[in-house]
Every structure is written in structure tokens, then in C-alpha cells.
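The numbers here are math on the coordinates, done by the rules we state, and not lab data. Here the structure is a predicted model, which is why all the values come from computation and not from measurement. Backbone-built Cβ (ideal geometry, glycine too); neighbour counts: all protein chains shown.
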Amino acid sequence: MAPTLAHVTDVAQTLWPLSGAESWDAPGLIAGDPSAEVAAVHLAVDAVAATADEALELGAQLLLVHHPLLLRGVTSVAEDRYKGAVISRLIRGGCALLAAHTNADVVADGTSAVLARALGLRDVRPIVPSASAPALGLGRMGELPEPVTLGELARGLQELLPATAQGIRGAGDYFARVQRIALCAGAGDSLLAHPEVLASEVYVTSDLRHHPASEARENARIGGGPALLDISHWAAEWLWLDVAAEQLRAALPGVTVTVSELRTDPWDFALV
């Protein structure tokens, strides 16, 4: 007999406790009947029309995503709006929707930890440790086994991450030797001024806006600070899905767990 959605939700919240979520976040069960059975779970970064359709085509009873669909308040879920259309499509198809967001960022096998591991960093620790558990927290920092050039690091990331139109943007000397790395999978410009980031040689994150990036670059020229590598938000967090899937398979034997390979990065092309 397949577990109930309530049980699967409990498992998810054991793996990624809601207590670890940021105060502004909205993870957890978004839609679905807690008493319904779940024989198959499909994982994706984003709840969009394509991943909802994919989940239904695979026969999943749960679409588990990283980004909460209803993070920002809505006043309607009418189907002439994107969010309403996705939720209605899932409900009609008997597929629940659950999100693990910042609560999945801070854990030992969270989004930033997975990226740090993929890069082969050593002595890894959070940039912003949790008050209750110093080994947990936002972002990660550590050292490469050997120094590489900034350009080599960027190309290594290009090989690790799924391709996107954005690619990888860098600020700093392409040929500078670097070893101390700070990173934050997803949007991380809020940590640009953090002492641990400033003490690193490179900061890898996503969604760097003009003014914060420009200010960080100019401050680095005056008083020191890291080079910047700006990677796709979706690509950085997509790496986590395989790890999350393995954790769910171990916790839910007999449940089929699949991972979406659809690119939900919003950009289709770039001209240079």
C-alpha cells in the first residue's frame, strides 16, 4: 500500500525541517489531499506548466519543487493566470504540490552544500551558520584542493551545471589564482558584504544585479574582496534534485521518485 500524502509530507519535513525556512518563505504543502495515496513523486526546481504536465504524464501523485508557487500573495487562482492554471491542472490530475525552499538550502545536503561538493571544496562550512546547529545554515565556503585560475573555475562550473542561455558571467581577473571559495546556490547578493564572503577569493551565486555587483567590484579594488561568478539560478539549484531524490527513495521504499530534466531557466537565448 502506498503511503499517504500526509506521510510523504512528514518525511519531506523531516529531511528539510520547516524550522529552517526564512521568515519570508512559504514552503510546505501547497495543494493536495493529505489522505490521498502517493505511489510516485516527481521533482523539479519550478512549478510551471511544463513540469506540471511532465508530472502528470509520468503518473506522479506529488510534484515536489524547490520554489514555492505561492511565495508572493495572490488574490485569485483563476485559470487565466499562470499560478491558477498550474494548480488547477495538478488538482484535476490528482497530483499534489509541495515545496522545500530555504528549508532545503540550509541542511547538510542542501542546495549550496551540493554545489560545494560538486566543486570538490574541502573544509566546507556555512557562510551564515544556524544559531542552533553551526554545521547548518545559508551558503557554503571552503577551499579547492589546489589553486586554479578564475577562468578555470568558471569553465569547471560550466561543465558541472546544465547549459542555459545565460551561461556564466564573471567579474575579476580571468587569470588570477584562486582557492578560497564562497558560494550560495540561488539569489545570493544579500551576502555580498558578509565578512566570510569578503574574505574569500571568489563568490559564486546567482541573480547578481547591477548595483550590488558594481559596488562589490569597486570595493574589492579599494579594500579587497572576492571575484564574482554569476551562474543560472535554476541550474545551481537543479543539482540538488538528484540528492533530494535519493533521500526520498531511501525514506520511502516502494515509491517511484523521478527528477525533471526540463530547463525551467526563464531565458531562451543571449546575444553577445
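Is it true that some residue in the stretch 237-255 is crowded, with 18+ Cβ neighbours inside 10 Å, touching a residue at least 60 places away in the same chain (Cβ under 8 Å) and not in a helix (DSSP H, G or I)? Yes. Looking across the stretch 46-62, the residues that are in a loop (DSSP other than H, G, I, E, B) and buried (at least 18 other Cβ atoms within 10 Å of the Cβ) come down to ASP46, ALA47, VAL48, ALA60, GLN61.
Considering every residue within the stretch 212-227, establish whether at least one is of a type in the set (Gly, Ala, Ser), at negative phi, loosely packed, with under 14 Cβ neighbours inside 10 Å and outside any helix (DSSP H, G or I). Give the steps one after another, and end with the answer.
Restricting attention to the stretch 212-227, the residues satisfying the condition of being of a type in the set (Gly, Ala, Ser) are 213-214, 216, 220, 223-225, 227.
The next check asks that each one be at negative phi; those that pass are 213-214, 216, 220, 223, 227.
Then drop every residue that is not loosely packed, with under 14 Cβ neighbours inside 10 Å, which leaves 214, 223.
Still in the running and outside any helix (DSSP H, G or I): none.
Checking the stretch 212-227: not a single residue is of a type in the set (Gly, Ala, Ser), at negative phi, loosely packed, with under 14 Cβ neighbours inside 10 Å and outside any helix (DSSP H, G or I).
For TRP234, the conditions (1) part of a loop (DSSP other than H, G, I, E, B); (2) closer than 30 Å to THR14 by Cβ; (3) in contact (Cβ under 8 Å) with a residue 40 or more places away in the chain all hold with the exception of (1).
Scanning the stretch 1-45 for residues that are in contact (Cβ under 8 Å) with a residue 40 or more places away in the chain, in contact with a helix residue (DSSP H, G or I) (Cβ under 7 Å, 6 or more places away or on another chain) and assigned to a loop (DSSP other than H, G, I, E, B) gives TRP16, PRO17, ALA21, GLU22, ASP25, PRO27, GLY32, ASP33, ALA36, VAL38, VAL45. Counting only residues that are farther than 18 Å from ALA182 by Cβ and in contact (Cβ under 8 Å) with a residue 12 or more places away in the chain, the stretch 109-133 holds 1 of them. Which of the following residues is surrounded by fewer than 18 Cβ atoms within 10 Å (Cβ to Cβ), out of contact with any strand residue (DSSP E or B) (no Cβ under 9 Å at 6 or more places or on another chain) and hydroxyl-bearing (Ser, Thr, Tyr): SER190, SER132? When all the criteria are applied, what remains is SER132. Taken as a whole, the condition of being basic (Lys, Arg) and within 26 Å of LEU271 (Cβ to Cβ) does not apply to ARG180.
When VAL148, VAL124, VAL77 are checked against the criterion of being of a type in the set (Val, Ile, Thr), surrounded by fewer than 21 Cβ atoms within 10 Å (Cβ to Cβ), in a loop (DSSP other than H, G, I, E, B) and on the phi < 0 side of the Ramachandran plot, a single residue qualifies: VAL77.
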